[in-house]
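The values are calculated or read from the model by the stated rules, or taken from the named source; none is laboratory data. Note that the coordinates shown come from a computational prediction; the quantities given were computed from them, not determined experimentally. Backbone-built Cβ (ideal geometry, glycine too); neighbour counts: all protein chains shown. Accessible surface is based on the protein model in full, side chains and every heavy atom, while ligands, DNA and RNA are left aside. Shrake-Rupley method; radii C 1.70, N 1.55, O 1.52, S 1.80 Å.
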Amino acid sequence: MYRDNPLKKISWHDFQKLTPQQKGVYFLREQRPYHVLTAQQFDRPMLERICDLTTKIRQIGKTKGGIRFLQDLLSEKRAMLYFVQPSTRTFLSFYAACQIVGIEPAEVRDTTTSSEVKGESPEDTVRTISSYFDMIIMRHPVGGFAERIAWLLSNTNRPVPVINAGSGMDQHPTQALLDIYTLQRSFEDKGGIEGKAIAFVGDLARGRTVRSLAMLLLLYTGVKQYFVAPESLQIQDDIVTLLKEAGTEFEVCGDFKRVIPEVDAIYMTRIQDEWDRSQESRLVDTSKFHFTAQHLTLLKPDAILLHPLPRRKEIAVEVDSDPRAMYWRQVRNGMWVRAALMLAIFDRGGEIDRYHEDLVS
Ligand code: NCD
């Protein structure tokens with residue numbers, strides 16, 4: 001199916017020297033995602049295609065016949081969900097997405113029950129997994145680990161696609177895809193994502209979802225990005241450099257209240273204190289970066305509120321019933337986007353197009 005295997009043609013040493021942008025082409029096959037490892041590997045047509053497939057399979061999935069059709073598409077495949085960092089939504093949405101497209105899912109969530117306790121390297125464990133499964137979906141605390149595995153497997157006689165379901169503090173590309181899908185749908189009748197102002201709020205230093213989404217937003221013209229956080233949790237310099245290079249408009253600031261009425265979307269995030277060295281984030285006053293029920297009056301009538309979840313106090317529960325609160329819809333969208341992504345990886349999009357055309361004609 002895939003004659004071309006670009007990751008086989010480059011040494012690990014040379015590969016590591018590339019920028020995230022340069023690495024992107026190595027994760028593709030025939031202009032489609034094969035490995036899904038970074039936000040930077042996507043271009044605008046790929047995003048449009050994934051969003052289009054997502055909308056189509058959501059519609060197809062409304063009837064029993066449609067559900068059966070979807071379940072048959074990848075019923076010959078098995079996927080390993082190798083999640084060795086806590087996860088509820090990403091794990092379950094991938095699990096449910098596998099079920100939608102007929103992939104049989106299996107899981108490893110705890111290395112203490114695997115041969116890693118016998119001293120096996122994580123690389124060997126994952127190579128073993130690739131012997132039994134057709135795809136590896138992985139969440140790992142080490143940034144870049146999924147890339148390493150993708151390279152390693154590409155250089156064996158059983159390369160399988162690797163999806164990064166969250167790596168360290170670095171990247172969470174599939175969350176960014178579902179965020180884009182949610183933004184696109186929310187702004188469907190309002191000119192799309194183009195030209196909108198979007199504020200990221202919270203722990204931007206260590207929030208991988210923000211880093212990935214900020215990169216995808218560069219593919220939309222005229223978007224202004226605000227990074228609103230206490231100084232010690234502000235967006236990292238590498239992202240700032242990439243934003244500057246892209247020539248996009250952005251603002252780094254600490255005044256949340258001022259920003260609320262200026263933006264079309266607010267992306268709240270939790271303090272990522274699992275990365276604290278000595279509970280240092282407890283010393284930071286984050287209360288000014290919470291969205292309360294009072295803030296609803298400041299928010300534009302058409303604006304939306306996003307959160308990758310889990311939440312703590314960043315968004316008051318009373319806000320959930322406001323029509324602008326879009327985070328529960330994000331959760332649901334995640335399942336469909338991930339199902340669409342798997343269909344794109346295994347090149348089954350054409351069948352979706354044909355079925356959908358019959359459905360609407
Ligand atoms: C995020 C993550 O794991 O990075 N969660 C998610 O996948 N929806 C955000 C977080 O944990 O704060």
Worksheet entry | Order by protection proxy (mean Cβ within 10 Å, highest first), peptides 110-120, 129-139, 5-15 | 129-139, 5-15, 110-120
Item to complete: Could you count how many Lys pairs in segment 1-136 have their Cα atoms under 28 Å apart, skipping same-chain pairs fewer than 8 positions apart?
Response: 11
Worksheet item: Dividing the Cα convex hull volume of segment 232-344 by residue count, how many Å³ per residue is that?
Response: 158 Å³
Worksheet entry | Dipole of segment 189-318, positive end: most advanced residue of VAL210, ILE260, LEU296 [Cβ charges, Cα centre] | LEU296
Worksheet item: If we sort 189-197, 265-273, 336-344 on the protection proxy, mean other Cβ atoms within 10 Å, highest first, what's the order?
Response: 336-344, 265-273, 189-197
Item to complete: Give the accessible surface of the chain per residue, rounded to a whole number of Å², with probe radius 1.4 Å and ligands, DNA and RNA excluded.
Response: 44 Å²
Worksheet item: Which of rounded, prolate, oblate describes segment 19-132, given a ≥ b ≥ c as roots of the alpha-carbon gyration tensor eigenvalues and a/c under 1.5 marking rounded, otherwise prolate only if a/b is larger than b/c?
Response: oblate
Worksheet item: Tell me, what HN-Hα J-couplings in whole Hz come from the Karplus equation 6.51 cos²θ - 1.76 cosθ + 1.60 at θ = phi - 60° for each residue of segment 171-187, using x for Gly and Pro?
Response: 9, 8, x, 6, 5, 4, 5, 6, 5, 4, 4, 5, 5, 4, 5, 5, 9
Worksheet, complete the sentence: With all protein chains present, segment 1-159 has a carbon and sulfur share of its accessible area (1.4 Å probe) in percent of 51 percent
Worksheet item: Looking at the chain, what % of its DSSP beta bridges pair antiparallel, to the nearest 5?
Response: 10 percent
Practice prompt. Can you list which of the GluC sites (Glu not before Pro) found in segment 226-294 are DSSP loop residues with at most 14 other C-beta atoms within 10 Å?
Written response: none
Worksheet entry | Nearest 10 degrees, 0 to 90: helix 89-100 Cα axis against the chain principal axis | 50 degrees
